[in-house]
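The values are calculated or read from the model by the stated rules, or taken from the named source; none is laboratory data. Everything numeric in this text was worked out from a predicted model, so none of it was measured. Cβ placement follows ideal geometry from the backbone for every residue including glycine, while neighbour counts extend to all protein chains displayed.
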Amino acid sequence: MIRLDFNLHKKQGQAFKSKATEILYGGAAGGGKSHLMRIALIVWCMLIPGLQCYIFRRNRTDLIKNHMEGPKGFRAVLAPLVKAGVCHVVEDEIRFFNGSKDAKGKKTVGSKIYLCHCDNENDIYKYDGAEIHVLAVDEGTHFTRSMYTFLRHRVRMVGITLPEQYKGMFPRILIGSNPGNIGHEWVKKMFIDFAAPMEIKRAPKEDGGMLRQFIPALLEDNPSMSEQDPDYENRLHGLDSEALVQAKRYGNWDIIEGAFFTEINRKTQQIKPFVIPEHWMRFRSMDWGYGSPFCVLWYAVSDGSFVELLDGTRRTFPVGALIVYREWYGGDETGKGLRLTNAELSKGILARELSDEKFAYSHAGHDTFDKSKGQGVSIAEEMAEYGIIWSKANNDRINGWQQIRSRLKGIETLTGEYCPMLYAFDTCTKFFGKLSIVQHDKAKPEDAAQGDDHLAESLRYGCMSRPWVVERQNIESLREKVEEAAKVRDTWKPGQVRADEQYRY
């Protein structure tokens, strides 16, 4: 009898048994991504005759070193099976003899694992005729979105009889990856921003239509690493960049190398919706765009009153904190604008607002007031016809970026923790994703690089409309002020309107 150790740790086991058919596993380095892929493909091939599995890495050298060599590579793990004649390992292919019997009663080749690579963008066309039953993509962020979606369209299954426990689970895709690299944005958008961790959610038809799931895995989820190499964590913390430490050690998808806003922390800054008290000040900001995306943000200014979040939590926010409770990002998947007329843009803004909403002011970029294009009327003047009155925003870029950073970081307490002065409802699905991909301008590091910075620009206008000076104070003192203010100004009454109905669209 052949005995093989195919045990998986808890998180790896969840990915292996998941009913999802398009899975992203990982986040932090050392989470056991590659080992999971190898074991999963081997077990599935042994149990499902005829299964065709393709495992990809971008570079062939990395592919062979990571998956074929070493004590946990395919060669070592499959050695007992090879010796028993159950499978055969060649350079870029693993063959399992579990097909139908030949004339001599011997099992023929059935399932296969193909080791593949795509050094260049056009290499994907080598697989144009493939029927991929299981697509495993190691280091998914090393691939471009177009490479991945092309390979995904080859994922199909015909004529394979699945065991009862696997029905509905194939064909499937398993991606392993850390944050960063060229594919960071599309992976983050497709998985991290698409649904809550561990949630299984059907992707739209135009995006593959598979059952999608993100399974976060940290170093702690792979006990083998901490047991066999206890100093590995120290080496992760020894990376020269704090952004890399956040990405590689903690699997933080909001922080990437070269990120302009390293102060982003969804755990403290992203909140559940709540009904905003009527007496809180509200205002808007807009970065206009036609061929390029536009972004409109809606804010409320906390006065310290208690509020009840959608999940039932009752809490306060510091006096003067900005709450972004609604967003409208006008761009498509390719980064192009929606090309709306000023009338359409105005109607779209009004359609997203409640009929009784009152705004203290609305600030927009200077191009909104430009009359130099020969039309004789500015964008702001056209939109004013619909009752949307814009004022010219403070366009100080450097101080504006610092305002965003200061508010994201917030108030330092005596415990060393920080209380943010800027929050966003989790119904604002673009907010953190678009903010996290803004990069430094290489020619002027203090400034943001031009590109997909439209949400950041709108946020800069909003923050500069209410400049905030960081002050150090005791968190207990802050709570006392909040509670005192709440006694006078807490006017919220349960059951007014559901917060998610007001601010989700």
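Criterion first (in the same structural domain as residue 185 (by TED's automatic domain parsing) and either in contact with a Lys or Arg (Cβ under 7 Å, 6 or more places away or on another chain) or within 17 Å of residue 23 (Cβ to Cβ) (or both)) does residue 159 satisfy it?
Considered against the rule, which asks whether it is in the same structural domain as residue 185 (by TED's automatic domain parsing) and either in contact with a Lys or Arg (Cβ under 7 Å, 6 or more places away or on another chain) or within 17 Å of residue 23 (Cβ to Cβ) (or both), residue 159 comes out as no.
For a quick check of your reading of the model, give me the residue pairs whose first member lies in the range 354-368 and is without any contact (Cβ under 8 Å) to a residue 60 or more places away in the chain and in the same structural domain as residue 302 (by TED's automatic domain parsing), whose second is small (Gly, Ala, Ser) and not in a strand (DSSP E or B), with beta-carbon atoms closer than 9 Å and at least 6 apart or on different chains.
Once the first residue is without any contact (Cβ under 8 Å) to a residue 60 or more places away in the chain and in the same structural domain as residue 302 (by TED's automatic domain parsing) and sits in the range 354-368, its partners that are small (Gly, Ala, Ser) and not in a strand (DSSP E or B) give 366/393.
Kindly indicate whether any position in the range 94-104 is out of contact with any Leu (no Cβ under 8 Å at 6 or more places or on another chain) and under 25 Å from residue 147 (Cβ atoms).
Looking for residues that are out of contact with any Leu (no Cβ under 8 Å at 6 or more places or on another chain) and under 25 Å from residue 147 (Cβ atoms), one finds none in the range 94-104, hence no.
Does any residue of the range 413-426 turn out to be on the phi > 0 side of the Ramachandran plot and not in a helix (DSSP H, G or I)?
yes
From the list 185, 227, 199, exactly one residue is more than 22 Å from residue 144 (Cβ to Cβ) and under 26 Å from the mean Cα position of the chain (by Cα). Which is it?
One residue alone meets the criteria, 199.
Farther than 27 Å from residue 75 by Cα, surrounded by fewer than 20 Cβ atoms within 10 Å (Cβ to Cβ) and not small (Gly, Ala, Ser), is that true of residue 122?
yes
Go through the range 2-58 and report how many residues are over 23 Å from residue 148 (Cα atoms), among the aromatic types (Phe, Trp, Tyr) and within 26 Å of the chain's Cα centre (by Cα).
Residues flagged as over 23 Å from residue 148 (Cα atoms), among the aromatic types (Phe, Trp, Tyr) and within 26 Å of the chain's Cα centre (by Cα) within the range 2-58 amount to 0.
Please go through the range 251-287 and give me each residue that is in a helix (DSSP H, G or I) and either out of contact with any helix residue (DSSP H, G or I) (no Cβ under 6 Å at 6 or more places or on another chain) or within 19 Å of residue 400 (Cα to Cα) (or both), ordered by number. Spell out how you get there, then give the answer.
Here is the first cut: in the range 251-287, the ones in a helix (DSSP H, G or I) are 266-269.
Result: 267, 268, 269.
Among the residues of the range 149-188, how many are farther than 25 Å from residue 30 by Cβ, crowded, with 16+ Cβ neighbours inside 10 Å and among the charged types (D, E, K, R)?
Counting residues in the range 149-188 that are farther than 25 Å from residue 30 by Cβ, crowded, with 16+ Cβ neighbours inside 10 Å and among the charged types (D, E, K, R) gives 2.
Yes/no per residue for (1) under 34 Å from the mean Cα position of the chain (by Cα); (2) crowded, with 16+ Cβ neighbours inside 10 Å; (3) assigned to a loop (DSSP other than H, G, I, E, B):
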site: 357; (1), (2), (3): yes, no, yes
site: 362; (1), (2), (3): yes, yes, no
site: 368; (1), (2), (3): yes, yes, no
site: 372; (1), (2), (3): no, no, yes
site: 389; (1), (2), (3): no, no, yes
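Somewhere in the range 140-154, is a residue touching a helix residue (DSSP H, G or I) at 6+ places or on another chain (Cβ under 9 Å) and part of a strand (DSSP E or B)?
Taking every residue of the range 140-154 in turn, none turns out to be touching a helix residue (DSSP H, G or I) at 6+ places or on another chain (Cβ under 9 Å) and part of a strand (DSSP E or B).
Mind checking whether some residue in the range 56-66 is touching a residue at least 24 places away in the same chain (Cβ under 8 Å) and over 20 Å from residue 143 (Cβ atoms)?
For the range 56-66, residues touching a residue at least 24 places away in the same chain (Cβ under 8 Å) and over 20 Å from residue 143 (Cβ atoms): absent.
Here's a check for you: in the range 438-452, which residue that is in contact with a Lys or Arg (Cβ under 8 Å, 6 or more places away or on another chain) and not in a strand (DSSP E or B) is surrounded by the most Cβ atoms within 10 Å (Cβ to Cβ)?
452
If residue 97 passes every condition in (1) touching a residue at least 12 places away in the same chain (Cβ under 8 Å); (2) within 22 Å of residue 16 (Cα to Cα) but one, which one does it miss?
Status for residue 97: all satisfied but (2).
Checking residue 447 against (1) at pLDDT 85 or above; (2) touching a Leu at 6+ places or on another chain (Cβ under 6 Å): exactly one of these is not met. Which one?
All conditions pass for residue 447, except number (2).
Restricting attention to the range 131-148, and to residues there that are at pLDDT below 95 and hydrophobic (A, V, I, L, M, F, W, C), which single residue is surrounded by the fewest Cβ atoms within 10 Å (Cβ to Cβ)?
Among them, the one singled out is 147.
This table checks each residue for (1) among the hydroxyl-bearing types (Ser, Thr, Tyr); (2) at pLDDT below 95; (3) within 30 Å of residue 183 (Cβ to Cβ); (4) not assigned by TED's automatic domain parsing to the domain that holds residue 403.
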{"site": "310", "(1), (2), (3), (4)": "no, yes, no, no"}
{"site": "314", "(1), (2), (3), (4)": "no, yes, no, no"}
{"site": "327", "(1), (2), (3), (4)": "no, no, yes, no"}
{"site": "331", "(1), (2), (3), (4)": "no, yes, yes, no"}
{"site": "352", "(1), (2), (3), (4)": "no, no, no, no"}
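When the residues of the range 391-406 are narrowed to those that are in contact with a helix residue (DSSP H, G or I) (Cβ under 6 Å, 6 or more places away or on another chain) and part of a helix (DSSP H, G or I), which ends up nearest to residue 267 (Cα to Cα)? Explain how you work it out, then say what you get.
Going through the range 391-406, the residues in contact with a helix residue (DSSP H, G or I) (Cβ under 6 Å, 6 or more places away or on another chain) turn out to be 392-395, 400, 403-404.
Now restrict to residues that are part of a helix (DSSP H, G or I): 400, 403-404.
On the way: 400: 24, 403: 20, 404: 17 Å.
Checked the range 391-406; the qualifying residue nearest to residue 267 (Cα to Cα) is 404.
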